[in-house]
1. Of everything in region 78-117, what is in contact with a strand residue (DSSP E or B) (Cβ under 9 Å, 6 or more places away or on another chain), at pLDDT 95 or above, closer than 30 Å to N151 by Cα and not in a helix (DSSP H, G or I)? Give them in sequence order.
2. So in region 28-63, with the set limited to residues that are part of a strand (DSSP E or B) and among the hydrophobic types (A, V, I, L, M, F, W, C), which one is farthest from T146 (Cα to Cα)?
3. Find all pairs meeting these conditions: Cβ atoms under 7 angstrom apart; at least six residues apart or on different chains; first residue within region 91-113 and of a type in the set (V, I, T); second residue part of a loop (DSSP other than H, G, I, E, B).
4. Assess whether N32 counts as being surrounded by 15 or more Cβ atoms within 10 Å (Cβ to Cβ), among the polar types (S, T, N, Q) and modelled with pLDDT of 95 or more.
5. Of the residues V84, V136, only one is in contact (Cβ under 8 Å) with a residue 60 or more places away in the chain, β-branched (V, I, T) and within 30 Å of V44 (Cα to Cα); which?
6. Taking the conditions exactly as written (in a helix (DSSP H, G or I), within 14 Å of the chain's Cα centre (by Cα), surrounded by fewer than 20 Cβ atoms within 10 Å (Cβ to Cβ) and not charged (D, E, K, R)), does L133 satisfy them or not?
7. Between residues in region 55-69 that are surrounded by 16 or more Cβ atoms within 10 Å (Cβ to Cβ) and residues that are in a helix (DSSP H, G or I) and among the β-branched types (V, I, T), which pairs lie under 7 Å by C-beta distance while being six or more apart or on different chains?
8. Which members of region 1-17 meet the condition of being surrounded by 12 or more Cβ atoms within 10 Å (Cβ to Cβ) and in a helix (DSSP H, G or I)?
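The values are calculated or read from the model by the stated rules, or taken from the named source; none is laboratory data. Given the structure is predicted, the values throughout are model-derived calculations rather than measurements. Cβ: placed from backbone, ideal geometry, glycine included. Neighbour counts: every protein chain shown.
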Amino acid sequence: MKINIVCIGNIKEKFYKQACEEYLKRLSKYHNVNVIELDEERLVKNPTEADIARVKVKESIKFEKYLKGYNILLDVNGKSMSSVELARQIDKISQNNFVVNFIIGGSYGVSEDLKKKVDMLLSFSAFTFPHQLMRVILLEQLYRATTILNNITYHK
C-alpha cells in the first residue's frame, strides 16, 4: 500500500524531524510512504475573518491534486477511534485502495468544500496540537496500526 502524508508547511524543529524520520524508516519496511509538504499561505499581522477564510480556501485548493485514492482528513470534528480500530480501518481501506492519503491542513484548518471531497474525517483528539507534532503522532499511529496488523509486538 502507498501512503501519502499531504500537509501544509514543513517541520522546522530538529527533534520533530528526527521522530518523523524514525517512524518513516520503520514504516518503509511495510509500505511506500511519502510526505508531501505544501507551501503555507502567508497572513497579515492582524488577520480578519475574511483573511483567514481566504487562506483556508487557498490552502485547501492545493490539496485537490492529491485527492486520488482514499482520502482521510485529520479534523478535530472527525471520527475518533482506538489504535486497534484504526488498524482495522486501514486494513479494510487497503483491500480496495492502493493509495491512501492522510491530509493535515494548515493552522486555520481547511475549507468546508475540501471536507466534503474527502472519504473520511479522522480525529485524533479534541486537543489542539502543533502541526509538526501532529505529523509525528500520525506516523506513530500508522506504525502502530502496521504492527497490530502484522502481529508484531509493539502495541500493548
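1. Selection gives G78, K79, S80, M81, V99, V100, N101, F102, I103, I104.
2. Per the criteria, the residue is L38.
3. V99/K68; V99/G69; V100/M1; V100/G69; I103/V118
4. no
5. V136
6. Spelling it out, L133 is indeed in a helix (DSSP H, G or I), within 14 Å of the chain's Cα centre (by Cα), surrounded by fewer than 20 Cβ atoms within 10 Å (Cβ to Cβ) and not charged (D, E, K, R).
7. none
8. Y16, K17
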